[in-house]
Amino acid sequence: MKVEIFPHQRIGEMARTYGKEKRSILLLNLLSRENIIALTMAFMLGRASYVGGFLPVGVSAFAAATGLGISRFLTAVFILGGMATNRAGEQIYAAAAAMLIFSVISSSFNKSGSKTVLKYSVTALASVLIPSFILAYLNGFLLYDVLKAVLDSLIAFLLVFIFRNAALLLDETRRKQPLSSEESISVAVVAALALSGLSSISVAGVSLRNVISILAILLFSFKCGPGVGAATGVTIGLMVSISSQAAPIVIGSYAFCGLLAGIFRALGKPGSSLGFVLGNVVLTLYLSGSVEAVVYLKEIAAAIIIFIIIPQKLMDILVGSLRNGEGTVPGGRDYGLRIREITVDKLNKFARTFKELSKTFSEISQTRVVANKQDISVLFDRVADNVCRDCSMCLHCWDRNFYNTYQVMFKIVERLDSKGRIEEGDIPEYFLERCERINDFVREVNNIYELFRMDIVWKNKIMESRELVSQQLDGLSKVVANLAAEIDTDVNFKSDIEDRLQIMLKKAGIHASEVMVFENKFGKYEVRIFHKGCGGQRKCISVAEKLASEVIGRKMSKEVNECLKNDKSGMCVLKLVEEEVYRVTTGVATIPKYNSTVSGDNHTFMNTGHGKYIVAVSDGMGSGHKASVDSRAAISLLEQFLESGFDKDTTIKLINSVLVLKSSDDSFTTIDLSIIDLYSGEVEFVKIGAAPTYIKKEDRVETVKTVSLPAGIMSSIETELVHRKVSSGDFIIMVTDGVRDLFDKCEDENQRLKNVIESIDSINPQEFADLIMARAYDRCGGKPEDDMTVVVAKVWKRVRS
């Protein structure tokens with residue numbers, strides 16, 4: 001049965017639905033964060049209205065909140081409720097009358113659209129003045145009451161401006177912008193007035209108002225410095241003095257404590273806390289224990305405990321919006337910080353993606369392909385199908401005598417595994433006598449097994465390639481993750497040094513538009529000077545080096561030999577770094593194999609920056625052009641990876657995987673790497689299938705060697721690090737197998753390479769290398785059986801000027 005709904009019923013249902021939706025929207029708006037904050041502040045300011053008698057704080061807050069989307073009725077209720085909890089008495093009626101008058105007068109502004117702060121302030125003045133005059137009339141119209149009414153109305157006029165500035169922060173779009181000085185002061189005044197509303201609330205004998213006041217001073221002193229800390233102390237001290245019986249000296253006490261807390265903020269939270277306590281103790285002693293000037297220690301202790309446990313992020317949220325600064329984006333955040341966070345996030349996502357790809361490739365390449373029963377069955381079936389299918393004995397062999405035939409086939413497989421192929425002599429006699437196509441059978445088994453074996457070989461090759469790709473992706477993931485971590489590191493800029501250096505450069509005639517001084521991740525100073533240049537005379541380099549060294553107190557030197565020009569600004573950019581303690585000079589001697597024009601050995605030495613100097617030698621398998629290509633590839637990749645910031649372990653693994661995948665031919669090469677720290681003299685040796693390295697010191701020769709296979713043989717490779725310390729004047733001697741073998745095969749102990757190195761007295765690394773090569777060339781009779789290379793690096797300490 002269909003029930004007909006009449007039009008008036010539909011209208012009723014729609015009205016009820018609309019009413020429910022409207023009530024839901026009103027409830028959501030009431031419970032919004034902005035309304036909760038506004039109504040809480042209204043209650044606190046209502047309590048503050050009875051500070052030191054009657055002040056029109058609540059009425060001014062009511063007027064300032066007009067037109068901001070906050071319920072007038074609820075605002076008035078919370079203000080009057082706050083006054084009632086603070087025993088305001090008859091002043092509640094005066095405040096209620098003033099708010100009613102303001103609502104009536106300001107309603108005309110809504111109709112005409114005139115909602116200026118000035119009109120609200122004037123209206124608030126009149127709204128406070130009218131009921132105050134009435135009360136004064138009822139009390140006899142005394143001059144005191146009249147003057148107080150006029151003063152209260154003027155205070156209301158001023159407070160509307162202050163509250164309006166602070167109330168604008170309830171607008172979400174406005175909150176995302178940095179505050180002006182007026183807005184910051186307004187917020188501080190409103191917060192101080194709200195705190196004064198807590199004057200009569202205490203927990204276990206500890207004043208909640210005083211604890212929050214001290215906490216606010218500590219927060220602003222720690223985050224904004226001594227100036228803001230002292231200003232916060234003055235503002236809060238003034239309100240505390242007005243709202244209690246404390247002497248005005250408490251203003252100076254709070255201000256002095258805030259000043260010291262800001263001065264000691266370099267020591268962290270404990271430092272700021274100590275500064276506040278120290279300020280209180282000093283004033284106590286100075287004033288001979290005057291109670292009015294002393295903040296109770298238990299209240300200080302409670303505030304310090306809360307201050308210490310507040311997380312840094314929460315402190316930034318509480319204080320950060322009140323700090324002004326240039327280069328901010330909506331929300332008061334620095335452009336550079338926002339860009340850095342976005343970049344780091346994207347790089348980390350890339351790193352995780354590469355890591356997941358590496359994991360996937362690793363999982364699918366873990367199992368090496370081997371023959372199983374199913375593969376053997378397929379082998380049997382293919383032989384039977386190609387040879388036995390149309391044979392007259394097929395039914396006998398593969399049906400009636402199936403068990404014996406399978407036994408024969410398994411014996412044949414065993415022979416195939418051991419020999420790689422079979423002959424008639426490998427087949428049992430009784431099967432030979434029965435099989436009519438024994439020659440075809442042997443040939444087909446060999447052919448199918450060869451195809452089967454090649455299939456397994458290529459499958460394993462694919463698995464090995466997947467594993468190598470997994471290693472490369474894993475290495476790339478680590479590099480990207482390290483780059484993200486490096487970008488995310490906070491740069492410690494030295495603003496005080498920057499200012500002093502810029503002033504000294506200006507006095508020296510170098511007009512720098514910008515100077516940057518910071519500590520890098522290794523704790524070393526770096527300087528960037530942006531200036532117009534000196535027309536190629538290069539006087540600015542020597543002057544800047546000298547001045548930077550004087551200001552910083554460390555020897556600074558240019559990173560490159562000349563200034564770098566910024567293409568966008570046209571400015572010269574002079575980069576200075578901390579001068580290394582050590583320098584390295586090198587010498588190289590190389591001879592190809594006899595009757596060969598190309599050496600299979602390659603080498604390099606370079607300063608990678610940040611105080612690291614590398615010396616590397618690579619010996620390709622065999623000799624000639626192919627060996628040279630392999631070793632050159634290893635050296636080139638080594639240079640690129642290390643200069644780009646790859647760590648040594650990732651670099652070696654990537655080079656190994658490239659050599660394994662390079663071609664179907666074997667591509668083996670040794671890698672002999674020495675990484676010298678030019679600040680500490682520490683040397684890291686990485687040896688992949690390489691000959692020993694020798695360190696010639698003043699009184700002895702040390703040998704550095706490890707046991708490992710060359711790169712390009714195995715898909716996985718492990719690096720073993722050897723650490724040594726070198727001093728000024730020490731030599732690092734690196735040789736290839738062609739040199740080492742000539743000496744170490746000699747039975748005479750005195751002719752061993754270590755003893756030959758010990759006998760050389762030269763201090764020139766090139767001469768040192770030539771002497772070793774000359775001895776080696778003599779030993780082989782001028783006909784080297786392998787490529788020979790000697791690289792000598794001398795480490796010596798810089799002379800400080």
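The values are calculated or read from the model by the stated rules, or taken from the named source; none is laboratory data. Since we're looking at a predicted model, the values are computed, not measured. Neighbour counts are summed over all protein chains in view; Cβ atoms, including those assigned to glycine, are modelled from backbone coordinates with ideal geometry. Surface areas here come from the heavy atoms of the whole protein model, side chains and all, with no ligands, DNA or RNA. Shrake-Rupley method; radii C 1.70, N 1.55, O 1.52, S 1.80 Å.
Some notes on this structure:
- Cβ-Cβ FRET estimate between ARG724 and ASN386, R0 fixed at 41 Å, reported to 0.05: 0.05
- Overall, the anisotropy analysis places the range 579-684 in the oblate class: the square-rooted eigenvalues a ≥ b ≥ c of its C-alpha gyration tensor yield a/c not less than 1.5, with a/b not exceeding b/c.
- The range 613-769 shape via C-alpha gyration tensor axes, a/c threshold 1.5: oblate
- Solvent exposure of the range 675-729 amounts to 45 Å² per residue of accessible area, where only protein heavy atoms count and the probe is 1.4 Å.
- Counting lysine pairs in the range 668-801 whose alpha carbons fall under 19 angstrom apart, excluding pairs fewer than 8 residues apart on the same chain, gives 23.
- GluC sites (Glu not before Pro) within the range 704-796, DSSP loop, no more than 15 other Cβ atoms inside 10 Å: GLU718, GLU720, GLU747, GLU785
- Rounded Å value of the spacing that divides the Cα centres of the range 248-270 and the range 704-782: 67 Å
- Legend: calculated FRET efficiency, LYS521 to VAL543, from the Cβ-Cβ distance at R0 = 30 Å, rounded to 0.05, equals 0.55.
- When peptides 96-104, 306-314 are ranked by their average number of other Cβ atoms within 10 Å per residue, the highest-first order is 96-104, 306-314.
- Label-point gap, in nm, between GLU450 and LYS697 - each point 7 angstrom along Cα→Cβ: 6.2 nm
- Given R0 = 56 Å, the distance between the Cβ atoms of LYS148 and ASP496 translates into a calculated FRET efficiency of 0.60.
- Cα gyration tensor category, rounded, prolate or oblate, for the range 678-783 with a/c compared to 1.5: oblate
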